[in-house]
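The values are calculated or read from the model by the stated rules, or taken from the named source; none is laboratory data. Just so it is clear, the structure is predicted and the values come from calculations on it, not from any experiment. Counting neighbours? That spans all protein chains shown, and the Cβs are built from the backbone with ideal geometry, glycine included. The area values use the complete protein model at the heavy-atom level, side chains included, leaving out ligands, DNA and RNA. Shrake-Rupley method; radii C 1.70, N 1.55, O 1.52, S 1.80 Å.
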Amino acid sequence: MATTTENKQTQQQIVTLPVQGMHCASCAMTVEKALKRVDGVESIEVNYGTEKAKIAFDSSKVKLEALNEKIGQFGYTFLMPTEQVSSPSVSTVNKHDHIAEAQSADAQVKQRKLQELKELQHKVEFALPITALVFIAMMWDIAAQAFPSFPKLPIPMELFNSFVFILSSIIVFWIGNVFLDGVVRFVRHGAANMDTLVGIGTFSAYLFSSFLLLFPQIAGLLGLPRAMYFDVTIVVIGFITLGKFLEARSKIRTGAAIEALLNLQAKTALVERGGQEFEIPINEVVMGDVLIVKPGSKIPVDGEIIEGKSSIDESMVTGESMPVSKRSGDLVIGSTINKQGTFKFRATKVGSETLLSQIIKMVNEAQGSRAPIQALADKISAVFVPVVLVLAVATLITWLVVGSLFLPFTQALSLGLLCFIGILVIACPCALGLATPTAIIVGVGKGASSGILVKNAESLEKLNKVNTVVVDKTGTITKGQPEVTDVISLTGQDESAILTLLGALEKRSEHPLAEAILHKVAEKNLSTVTDATNFESIEGQGVKGTIDGKEYFAGNGRLLSSLKLQAPEAHMNTLAAQGKTPIVLADSTQVLAIVGIADTLKDSAKETVRMLHKQGIKVVMLTGDHSATANYIAQLVGIDQVVAEVLPTDKAETIKKLQAAGRIVAMAGDGVNDAPALAQADVGIAMGTGTDVAIESADITLLHGDIARLPKAFRLAKKTMQTIKQNLFWAFIYNIIGIPLAAGVFYPFFGILLNPIFAGAAMALSSVSVVSNSLRLRTVKL
């Protein structure tokens, strides 16, 4: 548990809590407004898509329980944590507890949603047959009135009205109880939401029709129309309840990414303590524990192999299906799968420190964040319900005052009532509230499953606008480790013989390039003839040693000068022009061979640049390397512009110059050395390698440093923003077209009036279509 001190800053708590009872975007606004007015609440952000509230508050002034009571007045409830986790820190001892608690909370939220879905399903199963029956009867009656030849309903209208009165009473007070609750909250606290609109509309129709049915004499004296709207009440509530059910079912699917990540976690670990093996729950593993992993098992936590070797399926992190070979000294990632071989490893990261826990945290936060494009929808949703209520009342009054000048009063009243109900029903802001968050939830989840971690929704929106990508060379375009690229024999010896001699010499060398030669020797399955004797390192030149009684030398051009041997200038200049380092092998009388060593291109670099160009993105390489090397690499992969010999501290200045020229810049680097440049760029993209993922240093993280994911990240951003814009279009178009139709604007000219029944169907369809459109992102090929 976080400690509280006299320092005000340490008394700030930041919690993210699930909110129960929210049914539309206006609900989120109601919760925000209610809590913003509470003394001690510093900021509050409620996301209708995730149904969670992120609250920063001063715990010395207000408690969570008080905040819960406040929103309880409006019909909402926080799912309270069993232990409050505050900012800025959580003690190491309790990290496992907090992770378990967070997962438990997620499980509770899912259980609650499933329970709500089950209750909605029962309501739909009861209401849908009744709705269908009444809808058919209503259409039959309309057809009979429009076409004299069409047969009338086979039952008397009085009996039919009495029958639908009983059915509508059940529908209104059981199926539609949530809408009545919305009306009650509006009367008590003045807080209106979608439920309020539907409740006022349907309950008005029910009360009016009940009055006509139960008190026909009084209705006749008042000159009220004989038209009853029990059928409208039943069908509207039936359609909207079906829409709520479909929306709830779809929204559960939008959170599949987090659930899939949580399901990846191992539940137990086989630990070695005191020479014995014990199987323990995962939350009891501590840093430094030695764990044993058998074939087919999940690796419990992050760590380093200390004994044995294996091949590991890391697809949950990399998205690649091919297993990765691991041996002693290699790092392993928690929750990846050991395919074959048994090995021991030492736990280096546990609990919230593991890569998977970081990914889950990041995805959770990103899914709950708001994109700037959502601001418009939020502003509209905040004023939408009150405006609609005023508009509906104004429409009814207009029909009664103006309509009665041209129509009989009973007809004007009937039309006014239909328009009043229709506006309240169709003007629901649900689709508007769902447009952005559902697309963000699915888009971020899609990215996570493809090895692309998005820090927040704003990053995706910015990435969609980027037209220039700045990439670091080492570790981004290239592999970041030297490799032998050329073996040039000058005396006819074959490659194996040359590498064998070099391997024997470099075996005892501490020079970084020696490792590249030894790696090549191992790759070719060569073994040195014997260890070089009389080994000596010649500072600034190379090494020498005796092999099978003969003295050999390996090094640079200065070494040849000291031996008074003629350097093969043509070969050395060619290698140097290609950005390669030449290593010369010689004996005391002649130069035997030249080996070229360079930091080689990543296999996917050239195709990545081609894909970025295809998306209309300019690629700039920013590196501290020599111009010759940088230009050669850039030429190989097709990079547009090279800025070479730049110090790390000056990289941010280069980004500024590009931005000053009107470019929107994304910077892709290792997330550590390039931190200033990543921060300066409009979007920082960290090339996370292995378990050392610099998640916090950038807006986007590409797992395992795979540059091939760079075009995929841009495509993800583009598709997500396209989906958001499509959703907003459909959300707006339903209201822009529906409200004037429902208000009867076109009735005097074309005789067109939107029946509340179709308004209810359209409203339900709008929310379902928005969520369904967002779910399409799951099938997009990146």
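Kindly express, to the nearest 10 degrees and within the range 0 to 90, the angle between helix 374-398's C-alpha long axis and the longest C-alpha principal axis of the chain. Long axis of 374-398 versus the principal axis of the chain: about 10 degrees.
Subtracting the Cα-Cα distance of Val383 and Leu133 from their residue separation scaled by 0.36 nm leaves 86.3 nm. Simple spin-label estimate for Lys656 and Lys718 gives 3.2 nm between the two label positions (7 Å along the Cα-to-Cβ direction from each Cα).
Between Glu304 and Ile733, the modelled labels are 5.9 nm apart [label points 7 Å from Cα along Cα→Cβ]. Between the stretch 709-782 and the stretch 477-517, what is the separation of their alpha carbon centroids in Å? The stretch 709-782 and the stretch 477-517 have Cα centres separated by 63 Å.
Here the spin labels are modelled as points 7 Å beyond Cα on the Cα-Cβ line, and at Thr533 and Ile397 they lie 11.1 nm apart.
Value of Rg to Rh for the stretch 500-626, rounded to two decimals, is 1.09; Kirkwood radius and Rg both from alpha-carbon coordinates. Remark on Leu490: its backbone amide H falls under 5 Å from those of Ala593, Ile594, a criterion applied only to residues 5 or more positions apart or on other chains, H modelled at 1.01 Å from N. On C-alpha positions alone, give me the angle between the axis of helix 230-254 and the longest principal axis of the chain, in degrees, nearest 10. It works out to around 10 degrees.
Computed over the Cα atoms of the stretch 580-645, the ratio of the radius of gyration to the Kirkwood radius (Rg/Rh) comes to 1.18. Computed extension gain for Lys152 through Phe409, at 0.36 nm per residue and net of the alpha carbon distance, reaches 89.8 nm. Neighbours of Thr574, meaning other residues whose beta-carbon lies under 10 angstrom from its beta-carbon, give a summed charge of -1 when Lys and Arg score +1 and Asp and Glu score -1. Taking only Cα atoms, what is the 0 to 90° angle, nearest 10, from helix 157-170's long axis to the longest principal axis of the chain? Value to nearest ten degrees: 40.
Classify the stretch 273-314 as rounded, prolate or oblate, taking a ≥ b ≥ c as the square roots of the eigenvalues of its Cα gyration tensor: rounded when a/c is under 1.5, otherwise prolate if a/b is larger than b/c and oblate if not. Verdict is prolate for the stretch 273-314. Selection among Phe535, Thr581, Ala514 by position relative to the dipole of the stretch 512-642 gives Thr581 as farthest towards the positive end (Cβ unit charges, Cα centre). Taking 1.306 mPa s as the viscosity and 10 °C as the temperature, the Stokes-Einstein diffusion coefficient of the chain based on its alpha-carbon Kirkwood radius rounds to 51 µm²/s. Computed extension length for Phe278-Glu69: 70.6 nm, one decimal, from 0.36 nm per residue of separation with the Cα-Cα distance subtracted.
Given axes a ≥ b ≥ c from the Cα gyration tensor, I'd like to know whether the stretch 172-243 is rounded (a/c under 1.5), prolate (a/b larger than b/c) or oblate. Don't jump to the answer; show the numbers that get you there.
Values: a/c = 2.93, a/b = 1.66, b/c = 1.76.
Oblate.
Asn755 sits among other residues whose Cβ lies under 13 Å from its own Cβ, and their net charge, with Lys and Arg +1 and Asp and Glu -1, is -2. Using a 7 Å offset from Cα along Cα-Cβ at Ser588, what residues in the stretch 554-579 end up with backbone N under 18 Å from the label point? Within reach of a label on Ser588, which here means backbone N under 18 Å from a point 7 Å along Cα→Cβ, the stretch 554-579 contributes 554-555, 559-566. In terms of Cα to Cα distance under 13 Å, which aspartates and glutamates are near enough to Lys110, apart from those fewer than 8 places away along the same chain? By straight Cα distance, Lys110 reaches Glu51, Glu259. Summary of packing: across the peptides 584-591, 450-457, the per-residue average of other C-beta atoms within 10 Å ranks them, highest first, as 450-457, 584-591. Accessible surface computed residue by residue for the chain, with neighbouring protein chains in place and a 1.4 Å probe, gives 45 Å² per residue. The phi torsions of the stretch 486-500, fed into the Karplus equation with coefficients 6.51, -1.76 and 1.60 and a -60° offset, translate into couplings of 9, 10, 10, 8, 9, 10, x, 5, 7, 4, 4, 5, 5, 5, 5 Hz, rounded to whole numbers, with Gly and Pro shown as x. Cα centroids of the stretch 555-619 and the stretch 267-281: 50 Å apart.
Less than 5 angstrom separates the built amide H of Asp289 from those of Ala347, all sequence-distant by 5 or more or on a different chain. Derived from the Cα gyration tensor, the three semi-axes of the equivalent ellipsoid of the stretch 136-189 are 34, 13, 8 Å, largest first. Judged by the mean number of other Cβ atoms found within 10 Å, the most tightly packed of the peptides 330-339, 480-489 leads the ranking 330-339, 480-489.
In this calculation the C-beta distance from Gln481 to Lys564 is compared with R0 = 30 Å, giving a FRET efficiency of 0.30. For the chain, the share of accessible area belonging to carbon and sulfur comes to 57 percent (1.4 Å probe, ligands and nucleic acids excluded). At an R0 of 45 angstrom, the distance between the Cβ atoms of Leu647 and Lys339 translates into a FRET efficiency of 0.55.
The Cβ shell under 10 Å around Lys479 holds other residues with a net charge of -2, Lys and Arg each +1, Asp and Glu each -1.
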